[in-house]
1. Restricting attention to the range 138-150, report how many residues are of a type in the set (Gly, Ala, Ser) and part of a strand (DSSP E or B).
2. Of all residues in the range 235-266, which are touching a Gly at 6+ places or on another chain (Cβ under 7 Å) and in a helix (DSSP H, G or I)?
3. Just to be sure I understand, how many residues within the range 14-38 are in a helix (DSSP H, G or I), more than 19 Å from the chain's Cα centre (by Cα) and either within 21 Å of LEU200 (Cβ to Cβ) or among the small types (Gly, Ala, Ser) (or both)?
4. Residues of the range 147-163 being aromatic (Phe, Trp, Tyr) and under 18 Å from ILE97 (Cα atoms), which ones?
5. Could you pull out the residue among LEU207, LEU262, LEU200 that is under 17 Å from ARG132 (Cβ atoms), crowded, with 19+ Cβ neighbours inside 10 Å and in contact (Cβ under 8 Å) with a residue 60 or more places away in the chain?
6. Would you point out the residue of the range 88-135, among those that are surrounded by fewer than 18 Cβ atoms within 10 Å (Cβ to Cβ) and of a type in the set (S, T, N, Q), that is farthest from PHE165 (Cα to Cα)?
7. Any idea how many residues of the range 180-216 are at pLDDT 65 or above, in contact with a Phe, Trp or Tyr (Cβ under 9 Å, 6 or more places away or on another chain) and of a type in the set (Gly, Ala, Ser)?
8. Which fully enclosed helices (runs of 4 or more DSSP H) of the range 55-137 have 2 or more residues being modelled with pLDDT of 90 or more?
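The values are calculated or read from the model by the stated rules, or taken from the named source; none is laboratory data. The shown structure was predicted, so the numbers you read here are calculated from the model rather than taken from an experiment. Counting neighbours? That spans all protein chains shown, and the Cβs are built from the backbone with ideal geometry, glycine included.
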Amino acid sequence: IIAPHGLLHYVPFHALHDGAQYLVDRYEMSYVPSASVYKLCVEKAGRLRGGREWDVGVSREGMREGRWQHGDGDDGGWLVGDGLLIIGVADEAAPMIAEEVARLKQLWPEAMVVMGEEATLSRVRQQGERARWIHLATHGVFRRDNPMFSALKLSDTWLNLYDIFNLDVRAELVTLSACETGMNEVFPGDELFGLMRGFLYAGAPSLVVSLWMVHDGSTARLMEEFYSGLRQGQSKRAALRQAQLALKQQYPHPYHWAPFVLIGAP
């Protein structure tokens, strides 16, 4: 578990090389903004695993078996149970987002998919409050000049830090499959400002985010491997390491397999 300081927040420690192998070849790795934030994330994750915060009416048996049951949503009912929400906004600049969503849906047939024009801010707010896992595949923009305006693209607007602060996230894991979603501006006192801060504040105990501009195709492949590991019951960071090692066989350069990191509860 790496708790960086200052400029070290920008370093992909898992991609450090000793001349023979990468650090990820030997260890499962995750990151935290600070020890105090780590403590809060672990406590939050423990409460979520106990089912006290995200249970919205489905039985414990239904959760374990991955069955979907109707809730009381205004739009005909939220399907609860296994609880993966996949949000995708693809365009000509990132056509593989649609392929990424399709692969995840194939792995997780009971997942709810909100794609394209349906991926509005109101829909994200409504559905995101009731999901156990949230996957956002879209464009991300990090504003170094004003980190509070860093944002994720939705169909009707950009989800910026102010919007994220007002979300009520009860998911065990939020994956931001977009460019530079893990980038932060480091202020005096080692205070971090970026999308990561927003989602941690909104309630997520664990995030998967990127440290640089990612490749459309290799990201889709990495996410497929990552969710395959989660589906098999692996821990979050074990699943991410498995995905990175698998992708490294196909794309040896760290640019492809190393951009994503796990933040928070491992």
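1. Pass one, the range 138-150, residues of a type in the set (Gly, Ala, Ser): 140, 150.
Filter once more, so that each one left must be part of a strand (DSSP E or B): 140.
Adding up the residues that qualify gives 1.
2. ALA238, ALA239, GLN242, ALA243, listed by residue number.
3. 3
4. Restricting attention to the range 147-163, the residues satisfying the condition of being aromatic (Phe, Trp, Tyr) are 149, 158, 162.
Answer for the range 147-163, where residues must be aromatic (Phe, Trp, Tyr) and under 18 Å from ILE97 (Cα atoms): just TRP158.
5. One residue alone meets the criteria, LEU262.
6. GLN106
7. 4
8. Qualifying helices (runs of 4 or more DSSP H): 96-107, 121-128.
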